[in-house]
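Let me begin by presenting the structure, written as structure tokens, before commenting on it.
The values are calculated or read from the model by the stated rules, or taken from the named source; none is laboratory data. No experiment lies behind these values; they were computed from the predicted model shown. We place every Cβ from the backbone using ideal geometry, glycine too, and count neighbours over all the protein chains shown. Accessible surface is based on the protein model in full, side chains and every heavy atom, while ligands, DNA and RNA are left aside. Shrake-Rupley method; radii C 1.70, N 1.55, O 1.52, S 1.80 Å.
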Amino acid sequence: MNDGIRARIIMLRVLALSLLVTLGARLWVLQILDNDRYRRVAETNRVREVVTSSPRGMILDDQGEALVRNRSSLVISVNRSTTDRQADRGRAAFAQLSSVIGMPVDEIEKKIRFCSATVAQPCWNGSPYQPVPVAQDVAPAQALAIIEHPERFPGITADLQAVREYPFGSLAAHELGYLAPVSQEELDRQAAARKDGESGPDKFHLNSLVGVAGLESVYDEQLRGVDGVEGLEVDRFGRVSGTASDTPPVPGNHLVLHLDRGVQAAAEQALQGVLDKLPGGPHARTASAVVLDAKNGGVIALASLPSYDPSVFTGGISQEDYKALSDPANGIPLLSRAYQGTGAAASTFKVVSTAVAMTWLGAKPKQNFDCAPTLQIGGQTFHNFDGSSAGPITLHQALVISCDVIFDKFAYDEWLRDGGLRNGRGPYAEPAEHFVKMAEAMGFGSRTGIDLPGEAPGAVVGREKARAIWEELKESYCRRAANGYPEEKDPVKAKRYQQYASEACVDGYLYNAGAAAQFSIGQGQYLSVSPLQLAVAYASIANGGTVLQPQLAKAVVAPDGTVVKRFEPVVKGKLPVPGDVLGYIREALHGVTSEPGGTASGVFADWPKDIIPIAGKTGTAEVEGREDTSWFASFGPVSDPRYVVVVTIPDSGTGATYAAPAAKQIYQAIFGVGRPAEMPGGLPPGDLPQVGSDGQIDVLPSAALGPAAVGPAQSAPTSPDAAGAAPPDGRLARPAVLTARPGVPAGGASAAGTLSGGPAAPPAGLAG
């Protein structure tokens, strides 16, 4: 054997040995290292999962009433693993089913076909071994026809299933939300997490329903529970041969809210009553209201009209229905204007300007300021409402009668101190921007953090932000300046808009004096607030300076009654305002409803001021091309503020005429003035509703003592109408119900804003 042959033999031996080693290593990996993985894959190949949805937890109001619950529905389903093995693939059974439920065979077959990229609804997105529901809420006689004659309906069953129910219809729909099938994106994320080694039961399955709006979305994980999974053994033909495993479903937890069904209903009814009185117009009528607990930030009511019935989403919503709920011509019923809509706050914002004047600009409690009919700023003339004049008055009186010019002057002087237009040669000192900073401290310009999705942040624009916005929009301004607004049918408006664009193109970055003055009275391009933000700001004034995060959720409770979690008050900040200044503002706001000339004194003329003094501020926001927006922001009782009520009604009129009477009706419901009280004793429940081990809810019969205040205690105002000083524990004794009596009628407000049966309203204030 020569050397060449010997070398070849050695190479063949090495190659053969390498192949044997490689094969052995691969077998070791497959049989030893990856044994568990491939065992699971093999099991999956012969086991098919059938999912039983877990009962979803209820959503309860503060007294234990179920706002969202589950009801039993008679459901007829088709099991394709049975019908597909029949000679005619189930068509004879479907024909029998069609004669019972009145559904065409073609429609039944569409409902049980599998969804895919080319197969749209109606179709089935679940497991092929899962019975496919084809008819819900069938009559008992229809279900019995199937149950009593199984030989006529092979593969077809009738049984009870849980369906989400909203017993109060559209009540609090924006807050409660609704369910929809789980998205493919969510299923893909779950699959990716499984590949990364995440353990535990799957959160979602192909036919899972998940919360996609409101509280159903935010607290989906707590409400959903864990689905039950039955593992069915199948042969190579897909026939079921046995059960490999069976994990029962775990019910979801219940969610208890601060929201009170009675107060929520009263708020929605008050808003609807106002809208019903408004004349028809080119725009859909809308309105919103917020009721907060000033001591802990609990959301007691959050109303927005128009609303919708969440049950329209049960079982799937049609494209036509969804389009109607999203249509601006209908007022976009899916949008909650209470926390997703923003606009000018008008004179309700003057509490911010008063705090600035007294905290940082040296204004004194008894100092007089000129409430002249007009104020000239450059080429602009600023007017009081209807050009009224009150002469020299204090800031207390300025809030009571709602004088604009005094606050315009404060803002203009501050603008000058900050360098005016700051358009000449610098350098300039850092602008103080007191009005902007106080607004931000009270929570404007940022989300409140409420436990609902899609909250609008609003806008508070200072000098730096104004320049940033201009840099972003400059190109658009200049293009409009050149091309105009051809889509605007009104030539006068089109010309005015083009003029605005021309000015903005050249010097839109300048923070002008007129806009700064408008900011101080809640108007103009630099400010936009939501009703919820305004309520949070008034709550901070009412409770002594603590800015609280509004919360709907109060607690999570297990099905057996165990308290899983309590949601404690969340403090977001403290107002940079001395306590005596806040007390001064509270007294002035009390004067709005109780003193002669107060812009809301006519509305509250027959209110029991000696028992439940209310503080408030009217506002009338001017909106180009529409009627004014009516605002009323308030809290009460003044001596120990507990409730904050904010109402806004766009396209209506003055705050005293529309929003204030609606707010009054909400207070009547809370305290029981001329009607049964929704909050007996004037306090929200301090205890959670009791959930028994059998799942039954014990609705609280009356409101217990509420939670303690967050932040320092506050002293009672010195107003003679106050109900008396608070006792050492900081709480006032109040009657449970104020029944109808002379001077406290149960009726509502007239169109003019005065209460039926009460005296005529005093002369109108200087601004809405």
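Some points to look at:
- Complete set of residues in segment 91-104 that are over 19 Å from Pro140 (Cα atoms) and open to solvent by 30 Å² or more (accessible area, probe 1.4 Å): Arg91, Ala92, Ala95, Pro104
- Qualifying residue in segment 443-462 (condition: acidic (Asp, Glu) and either without any contact (Cβ under 8 Å) to a residue 24 or more places away in the chain or exposed (fewer than 15 other Cβ atoms within 10 Å of the Cβ) (or both)): no
- Residue that is farthest from Gln130 (Cα to Cα), among those in segment 215-228 that are open to solvent by 30 Å² or more (accessible area, probe 1.4 Å) and hydrophobic (A, V, I, L, M, F, W, C): Val218
- Considering residues of segment 329-348 that are more than 19 Å from the chain's Cα centre (by Cα) and farther than 16 Å from Val536 by Cβ only, the residue surrounded by the fewest Cβ atoms within 10 Å (Cβ to Cβ): Ala329
- Just one of (1) in contact with a Ser or Thr (Cβ under 6 Å, 6 or more places away or on another chain); (2) open to solvent by less than 40 Å² (accessible area, probe 1.4 Å); (3) at pLDDT 95 or above fails for Ile300. It is (1).
- Test: residue in segment 471-479 that is out of contact with any strand residue (DSSP E or B) (no Cβ under 7 Å at 6 or more places or on another chain) and touching a residue at least 40 places away in the same chain (Cβ under 8 Å): no
- Residue match in segment 489-508 (condition: assigned to a loop (DSSP other than H, G, I, E, B), more than 27 Å from Ser446 (Cα to Cα) and open to solvent by less than 90 Å² (accessible area, probe 1.4 Å)): yes
- Residues of segment 72-120 that are part of a helix (DSSP H, G or I) and among the polar types (S, T, N, Q): Ser81, Thr82, Thr83, Gln96, Ser98, Ser99.
- Restricting attention to segment 558-570, the residues that are aliphatic (A, V, I, L, M) and within 19 Å of the chain's Cα centre (by Cα) total 1.
- Against the numbered list (1) in contact (Cβ under 8 Å) with a residue 60 or more places away in the chain; (2) open to solvent by less than 10 Å² (accessible area, probe 1.4 Å); (3) within 22 Å of Thr354 (Cβ to Cβ), Thr620 comes up short only at (2).
- The condition of being small (Gly, Ala, Ser) and assigned to a strand (DSSP E or B) holds for only one of Gly616, Gly597, Gly602, that being Gly616.
- Residue list for segment 527-557, restricted to those being assigned to a loop (DSSP other than H, G, I, E, B) and either modelled with pLDDT under 95 or under 19 Å from the mean Cα position of the chain (by Cα) (or both): Ser530, Gln549, Pro550, Leu552
- Yes/no for Ser311 being part of a loop (DSSP other than H, G, I, E, B) and over 23 Å from Leu527 (Cα atoms): no
- Positions within segment 370-394 being among the β-branched types (Val, Ile, Thr) and over 23 Å from Gly598 (Cα atoms), in sequence order: Ile377, Thr381
- Selection over segment 215-249 of residues that are assigned to a loop (DSSP other than H, G, I, E, B) and at pLDDT 70 or above gives a count of 5.
- Residue within segment 355-364 that is open to solvent by less than 20 Å² (accessible area, probe 1.4 Å), in contact with a helix residue (DSSP H, G or I) (Cβ under 6 Å, 6 or more places away or on another chain) and assigned to a loop (DSSP other than H, G, I, E, B) present: yes
- Residue tally, condition hydrophobic (A, V, I, L, M, F, W, C), touching a helix residue (DSSP H, G or I) at 6+ places or on another chain (Cβ under 8 Å) and outside any loop (DSSP other than H, G, I, E, B), over segment 379-410: 9
- Cβ-Cβ distances below 8 Å connect the following pairs, each with a first residue in segment 578-589 that is within 19 Å of Ile612 (Cα to Cα) and modelled with pLDDT of 95 or more, a second residue that is of a type in the set (Lys, Arg) and surrounded by 20 or more Cβ atoms within 10 Å (Cβ to Cβ), and a separation of six or more residues or different chains: Leu589/Lys617.
- Annotation note: Cβ proximity below 9 Å between a residue of segment 98-118 that is among the aromatic types (Phe, Trp, Tyr) and a residue that is part of a helix (DSSP H, G or I) (sequence gap 6+ or interchain) occurs for Phe114/Arg80.
- Among residues of segment 604-617, those that are open to solvent by less than 10 Å² (accessible area, probe 1.4 Å), under 12 Å from Ala660 (Cβ atoms) and more than 29 Å from the chain's Cα centre (by Cα), counted: 1
- Segment 189-214, residues that are open to solvent by 50 Å² or more (accessible area, probe 1.4 Å), over 16 Å from Gly252 (Cα atoms) and in a loop (DSSP other than H, G, I, E, B): Asp196, Gly197, Glu198, Ser199, Leu206, Val212
- When Asp560 is tested against (1) at pLDDT 95 or above; (2) open to solvent by 20 Å² or more (accessible area, probe 1.4 Å), just one condition goes unmet, and that condition is (1).
- Filtered by the rule that a residue be assigned to a helix (DSSP H, G or I) and surrounded by fewer than 18 Cβ atoms within 10 Å (Cβ to Cβ), segment 565-594 gives Gly579, Asp580.
- Single residue of segment 365-378 satisfying the filter (of a type outside the set (A, V, I, L, M), assigned to a strand (DSSP E or B) and touching a residue at least 40 places away in the same chain (Cβ under 8 Å)) that is most open to solvent (accessible area, probe 1.4 Å): Phe369
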